[in-house]
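Since every read-out is calculated from the coordinates, none of them should be taken as a lab result. These numbers were taken from a predicted model, which means no experiment stands behind them.
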Amino acid sequence: MRNFFVKCVLLFGVLFIGVMIGMNKANEGMLNMKGYSDESFQTPVTIQQNDDGKVETTFMGRDLPTFNLDEKKEKLEEVKAYNFFSEAGKFLANIVTTIAQKIFEFISSLL
């Protein structure tokens, strides 16, 4: 058993190192495919906090609108949309829970 465990750990280590080497080679390949090295490229997503304390987010050079989670929650509560599948799921969960409890009570009464 110990021998098996040692072999598995060694195999895992070798495969992990292989994956890391492969990822490095893929990164080099992507840079070579580009054909030039330009440090002015920015990350696709940037998050900055301005002087007011607000967070500004840009994705691919476009500003993303900021929103307040509490405001969205209030809007959803105002809409009070009825979700049939949610209600059906709750009803089904209650039925299954009740049946399971009854079965466990019956089995425990037999013991």
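Results, tabulated for the structure shown:
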read-out: Residues with amide H under 5 Å from that of residue 56, placed H, sequence gap 5 or more; value: 48, 49, 50
read-out: Potential extension, residue 24-residue 71 segment - 0.36 nm per residue separation minus Cα distance; value: 12.5 nm
